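S.K.: Quick one: this structure, given as structure tokens, is what I'll be asking you about.
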Amino acid sequence: MSRRRVAVLISGSGSNLQALIDAAADPSYPAEIALVISNKADAYGLTRAQNASIPTQVISHKDFPDRSQFDAAIQKALAEHTIDIVCLAGFMRILTSEFTQKWFGKMLNIHPSLLPSFKGMHTHQAALDAGVKIHGCTVHFVVPEMDAGPIVIQAAVPVLPDDTADALGARVLAAEHQIYPYALKRLCDGTLKLIDGKVSKSKQAVHEYALFNPLPNVVK
Ligand code: GRF
């Protein structure tokens, strides 16, 4: 089976991009990272892509009068690179309904909370403020409403008594790096599908869609 061609859209550090690049370095991984697009010219993720010899494009939202023309420029780049799947990884722009509908079922996002809790920004501080004892991250399909699409996989991490938003965020980020390559693999190898807007998984994969850290059987 040929590898699916994946574009990763970023705005910043790109540590999730790096996790995807590292996973795709294995020839048996069912996806190749074929293009990285950033809306910011100084995003460190561009350097990560260049280090891996992946084509990059900077498409700044500031160069376009409205969202639809910005999205059209992204669409043009995706078409030029014959992209099959899009991964949002710290991409800080809201995409138009038209764009998200066009890519429905073929576009994933990673969000640093256990959705549907804590949508939007500053999720780690929000989790601390709410006093939750378990926090985490979610990979989901992208729909027009922000952070609201069908959930693919989640990872949970503990909130520790003296946590700061930064400490908690680092714990969540490590979990993100585990689940995003996993979700992309499942989408590309055909074991994960969207049927009638719901995530369907093969029986073989069904037990693998929630990760816990620490694992429940090691919590005393
Ligand atoms: C991650 O926490 C991701 O969940 C959120 O933005 C952050 C991006 O981090 N959407 P990085 O650029 O992948 O390091």
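The values are calculated or read from the model by the stated rules, or taken from the named source; none is laboratory data. Everything quoted here is computed from the prediction, not taken from an experiment. For neighbour counting, all protein chains shown are included, and Cβ atoms are generated from backbone atoms with ideal geometry for every residue, glycine included. Calculation scope for accessible area: heavy atoms of the full protein, side chains included, ligands and nucleic acids excluded. Shrake-Rupley method; radii C 1.70, N 1.55, O 1.52, S 1.80 Å.
S.K.: Hey, rough spin-label estimate for residue 42 and residue 200, points 7 angstrom out along Cα→Cβ, what's it come to in nanometres?
M.R.: Each label point lies 7 Å from its Cα, and together they span 4.8 nm.
S.K.: For a Förster distance of 41 Å, can you work out the FRET efficiency between the beta-carbons of residue 28 and residue 93, rounded to the nearest 0.05?
M.R.: On the way: r = 33 Å, r/R0 = 0.81.
Efficiency for this residue pair is about 0.80.
S.K.: Return the subset of 133/193; 62/102; 106/193; 40/102; 106/185 for which the Cα-Cα distance in this structure is over 20 Å, preserving the input order. The partial results should precede the final answer.
M.R.: On the way: 133/193 31 Å; 62/102 23 Å; 106/193 9 Å; 40/102 24 Å; 106/185 12 Å.
From the list (133/193; 62/102; 106/193; 40/102; 106/185), the Cα-Cα distance tops 20 Å for 133/193; 62/102; 40/102.
S.K.: Moving on. State the extension gain, in nm to one decimal, for the chain segment bounded by residue 132 and residue 76, taking 0.36 nm per residue of separation less the distance between their alpha-carbons.
M.R.: Values: separation 56, 0.36 × 56 = 20.16 nm, distance 4.25 nm.
Net length gain for the segment: 15.9 nm.
S.K.: Pull up all non-local amide H partners of residue 136: gap of 5 or more, or a different chain, and H-to-H distance under 5 Å with H placed in the peptide plane.
M.R.: Residues meeting the criterion, in which the H sits 1.01 Å from N, are 114, 157.
S.K.: Using θ = phi - 60° and the Karplus relation 6.51 cos²θ - 1.76 cosθ + 1.60, list the HN-Hα couplings for segment 145-158 in order, rounded to whole Hz, with x at every Gly or Pro.
M.R.: 6, 5, 6, 10, x, x, 7, 9, 8, 9, 10, 10, 10, x
S.K.: If all Cα-Cα distances of the chain are sorted into 10 Å bins from 0 onward, what percent lands in each bin, rounded to whole numbers?
M.R.: 8, 33, 37, 18, 3, 0
S.K.: Another question, if that's okay. What is the Cα centroid distance between segment 162-200 and segment 116-134, reported in whole angstrom?
M.R.: When both Cα centres are located, 17 Å separates them.
S.K.: Compute the semi-axes of the equivalent ellipsoid of segment 1-103, taking the square root of 5 times each eigenvalue of the Cα gyration tensor, and list them largest first in whole Å. Write down the numbers at each step before the final one.
M.R.: Values: eigenvalues 98, 51, 22 Å².
For segment 1-103, the semi-axes come out at 22, 16, 11 Å.
S.K.: Can you give the FRET efficiency to the nearest 0.05 for residue 164 and residue 121, using r as the Cβ-Cβ distance and R₀ = 25 Å? Show your work: numbers first, answer last.
M.R.: Working: r = 17 Å, r/R0 = 0.67.
It comes to 0.90.
S.K.: In square angstrom, what is the accessible area per residue of the chain with a 1.4 angstrom probe?
M.R.: Working: 10860 Å² over 220 residues.
With all protein chains present, the chain gives 49 Å² per residue.
S.K.: Where both partners of a DSSP beta bridge lie in the chain, what percent of those bridges are antiparallel, to the nearest 5?
M.R.: On the way: 15 of 35 bridges.
Restricted to the chain, the bridges split so that about 45 percent are antiparallel.
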